[in-house]
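Q: Before I ask anything, let me first share the structure, which is written out below as structure tokens.
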Amino acid sequence: MRVLIFFIFSAICSFSYGQQEDKISTIDFVQILNNNNEEALYYYHNNWKVLRNMAIKKGYIHSFQILETPVSENAPFQLMLITTYLNEYQYKLREDHFSELIKEKGPLELLNDKKPKTFRKTLFNKERVRHLK
């Protein structure tokens, strides 16, 4: 009987451990160009943020953040855009999901009719950032 209980307990522990998946984040480091702070913030709040709120409602992402930071010599960016996926499955489907949401949302919301390439530049990004437990 003890052997059977041990076997069942081991199987449950193995199953639950296997079900735990690491969250994965992507981070974009964005430089605002030509003092277009208003245009950039408007764009991210009315497009990027809207899409992520839609993605949360549909279960496509876990969470997101927009972080604003002062520029420095070693860090010449003003924004960090973080999207966190609950697991590998959400992460792998991100392109398909965001393509769907972009179509659903419709045209870009822009301030002063400035296109994104005139007010922002993604300096670099980090993909597949794993969260420590």
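Read the figures in this text as sums done on the coordinates, not as results from a lab. The structure presented is a predicted model; accordingly, all values stated were derived computationally and were not measured. FYI the Cβ positions are ideal-geometry reconstructions off the backbone, even for glycines, and counts take in every protein chain you see.
Q: With a ≥ b ≥ c the root eigenvalues of the C-alpha gyration tensor of the stretch 69-110, is it rounded (a/c under 1.5), prolate (a/b larger than b/c) or oblate? Mind showing how you got there, number by number?
A: Details: a/c = 4.17, a/b = 1.51, b/c = 2.75.
In terms of gyration-tensor shape, oblate.
Q: Then there's this: Taking 18 Å as the cut-off for C-alpha to C-alpha distance, list the pairs among 58/121; 23/133; 49/105 that go past it.
A: Checking Cα-Cα distances, 58/121 exceed 18 Å.
Q: To the nearest 0.05, what FRET efficiency results for residue 132 and residue 92 with a Förster distance of 25 Å applied to their C-beta separation?
A: Between residue 132 and residue 92 the formula returns 0.70.
Q: Further question: Rounded if a/c is under 1.5, else prolate if a/b is larger than b/c, else oblate: which is the stretch 37-130, with a ≥ b ≥ c the root eigenvalues of its Cα gyration tensor?
A: It is oblate, given that a/c is not under 1.5 and a/b is not larger than b/c.
Q: Give the residues of the stretch 74-111 whose amide nitrogen is closer than 11 Å to a point set 7 Å from the Cα of residue 57 in the direction of its Cβ.
A: 105
Q: Pop out the ³J(HN,Hα) list for the stretch 51-60 in order, Karplus 6.51 cos²θ - 1.76 cosθ + 1.60 with θ = phi - 60°, rounded to Hz; leave Gly and Pro as x.
A: Running phi through 6.51 cos²θ - 1.76 cosθ + 1.60 with θ = phi - 60° gives 4, 6, 4, 4, 5, 5, 4, 8, x, 8 Hz.
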